[in-house]
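Have a look at the structure below, then the notes.
The values are calculated or read from the model by the stated rules, or taken from the named source; none is laboratory data. Values in this document were obtained by computation on a predicted structure and should not be read as measured data. Please note: Cβ atoms are built from the backbone with ideal geometry, for glycine as well, and neighbour counts cover all protein chains shown.
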Amino acid sequence: MFPNAEAESWLVYEHDGVLAFRYFDEAAAGGAEPTAQDIIDAGNSQAFTDHTTVPKEVTNYQLKRALNTVPADRAAVDALVAGADQNTKDGWANARKFKSDNALFAGAIGILGWSQTKVNDYLKLAATFD
């Protein structure tokens, strides 16, 4: 089952040194934006933690799904790709996997001005999606 982007959200946070991702069903909460405590206490939450391993690669779908959790970041990546050459556009649209050590991937991170920690957190979150 794929999440309904309008009715579900993920909160990424650190608790006692552990990076955690929690699912929150906004529809069940009457459409309210979840607070951190709501996420932690929600009976329908699932926690995914992995604070030690950054995956070396994730699928195209996994990365895009992780980026969708922060629409402004997804829009920034889409804008970067839109202004790129056709090979980059084709790669973004059709690549099976994104490798964290790929020069193009690293270059895009630099252009976006993102920290390695931010990118690592996105990769960790991406790896939690099927």
Out of the residues in the stretch 95-130 that are under 14 Å from residue 69 (Cβ atoms) and among the charged types (D, E, K, R), which is farthest from the chain's Cα centre (by Cα)?
118
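Taking the criterion of being of a type in the set (Asp, Glu) and either surrounded by 17 or more Cβ atoms within 10 Å (Cβ to Cβ) or without any contact (Cβ under 8 Å) to a residue 24 or more places away in the chain (or both), would at least one residue in the stretch 97-120 satisfy it?
In the first step, residues of the stretch 97-120 are kept if they are of a type in the set (Asp, Glu); the result is 101.
Now narrow it down to the ones that are either surrounded by 17 or more Cβ atoms within 10 Å (Cβ to Cβ) or without any contact (Cβ under 8 Å) to a residue 24 or more places away in the chain (or both): none.
The answer is no, given that none of the residues of the stretch 97-120 is of a type in the set (Asp, Glu) and either surrounded by 17 or more Cβ atoms within 10 Å (Cβ to Cβ) or without any contact (Cβ under 8 Å) to a residue 24 or more places away in the chain (or both).
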Failed criterion for residue 17 (all others in (1) modelled with pLDDT under 90; (2) of a type in the set (Gly, Ala, Ser); (3) within 14 Å of residue 127 (Cα to Cα) hold):
(3)
Looking at the stretch 71-90, which of its residues are under 21 Å from residue 124 (Cα atoms) and surrounded by 15 or more Cβ atoms within 10 Å (Cβ to Cβ)?
73, 74, 76, 77
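For every residue, the table says whether it meets (1) closer than 30 Å to residue 108 by Cβ; (2) acidic (Asp, Glu); (3) touching a Pro at 6+ places or on another chain (Cβ under 9 Å); (4) modelled with pLDDT of 60 or more.
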| residue | (1), (2), (3), (4) |
| --- | --- |
| 31 | no, no, no, yes |
| 37 | no, no, no, no |
| 42 | no, no, yes, no |
| 50 | yes, yes, no, no |
| 60 | yes, no, no, yes |
| 65 | yes, no, yes, yes |
| 72 | yes, no, no, yes |
| 77 | yes, no, no, yes |
| 81 | yes, no, no, yes |
Considering the stretch 64-118, residues that are in a loop (DSSP other than H, G, I, E, B) and of a type in the set (Gly, Ala, Ser), and then whichever is nearest to residue 54 (Cα to Cα), we arrive at 100
